[in-house]
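See structure below.
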Amino acid sequence: MSTLAEHESWMRQALDLAREAAAAGEVPVGALVVRQGRVLARARNEREGAHDPTAHAEILALRRAGQALGGWQLTGCTVYVTLEPCPMCASALAQARPSLVVFGAFDEQMGGMGSVYALNLDERLHSAVPALGGVLAEDCRRELSAFFQARRENRPT
């Protein structure tokens with residue numbers, strides 16, 4: 001069982017990825033897939049650059065982890081993401097079956113793992129995935145707020 005300090009350490013790495021996303025003009029979300037103390041996959045949002053509505057950090061990290069493992073089931077893995085997964089990502093996470101999802105900021109508008117929906121616990125998806133939210137939440141929220149504030153300030157009037 002991981003400690004809060006370990007979760008925070010991994011989340012800091014996900015935050016670095018979120019900052020990379022922001023620098024590339026993407027919504028600052030980063031994700032890691034960790035198994036037995038080793039990062040299997042890293043990803044950040046790439047929707048704008050890839051012109052792909054599914055290129056969320058979580059989806060990309062799941063794909064890369066599956067490739068690294070040679071299979072789609074991520075049992076024994078922990079997924080770290082800076083923002084509570086949306087319904088699309090929460091459903092994909094349920095399908096991938098990681099042992100735990102740890103996220104930073106709660107998403108009160110689109111959260112799929114507790115804030116609005118609890119898709120990770122919906123038995124109709126055939127897999128319950130435990131989630132731990134709020135790890136370094138303020139740091140994660142700050143990155144998102146700064147990104148959207150800068151975007152609003154740069155909008156033409």
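Of these, Leu40, Leu69, Leu4, Leu83, which one is of a type in the set (A, V, I, L, M), at pLDDT below 95 and open to solvent by 20 Å² or more (accessible area, probe 1.4 Å)? Quick ask: steps written out before the conclusion?
Working: Leu40 fails: at pLDDT below 95; Leu69 fails: at pLDDT below 95; Leu83 fails: at pLDDT below 95.
Only one candidate qualifies: Leu4.
Here is a list of conditions, (1) assigned to a helix (DSSP H, G or I); (2) under 19 Å from Leu93 (Cβ atoms); (3) not small (Gly, Ala, Ser), and Gln73 meets all of them except one; can you say which number that is?
Here Gln73 clears every test but (1).
Provide a single number: the residues in the range 100-157 that are closer than 21 Å to Met11 by Cβ and of a type in the set (Ser, Thr, Tyr).
Summing the residues that are closer than 21 Å to Met11 by Cβ and of a type in the set (Ser, Thr, Tyr) in the range 100-157 gives 2.
Just name the residue that is most open to solvent (accessible area, probe 1.4 Å) out of those in the range 10-37 that are assigned to a loop (DSSP other than H, G, I, E, B) and touching a residue at least 24 places away in the same chain (Cβ under 8 Å).
We begin by selecting, within the range 10-37, every residue assigned to a loop (DSSP other than H, G, I, E, B); these are 24-29, 36-37.
Keeping just the survivors that are touching a residue at least 24 places away in the same chain (Cβ under 8 Å) gives 24-25, 27-29, 36.
Details: Ala24: 56, Gly25: 34, Val27: 34, Pro28: 2, Val29: 7, Gln36: 174 Å².
The residue in question is Gln36.
Exactly one condition in (1) assigned to a strand (DSSP E or B); (2) more than 17 Å from Ser127 (Cβ to Cβ) is not met by Gln67; state its number.
So the condition that Gln67 fails would be (1).
Please enumerate the residues belonging to the range 76-97 that are aliphatic (A, V, I, L, M), within 20 Å of Gln109 (Cβ to Cβ) and not in a helix (DSSP H, G or I).
Residues satisfying the conditions are Val81, Leu83.
Filter the range 108-133 down to residues that are open to solvent by 30 Å² or more (accessible area, probe 1.4 Å) and more than 15 Å from Cys86 (Cβ to Cβ) and give me whichever is nearest to the chain's Cα centre (by Cα).
Per the criteria, the residue is Leu132.
The values are calculated or read from the model by the stated rules, or taken from the named source; none is laboratory data. Bear in mind that the values here come from a model prediction, so they are computed numbers and not experimental data. Quick reminder, even Gly has a Cβ in these numbers, built from the backbone with ideal geometry, and neighbours come from all protein chains shown. Just the protein is used for accessible areas: all its heavy atoms, side chains included, with ligands, DNA and RNA removed. Shrake-Rupley method; radii C 1.70, N 1.55, O 1.52, S 1.80 Å.
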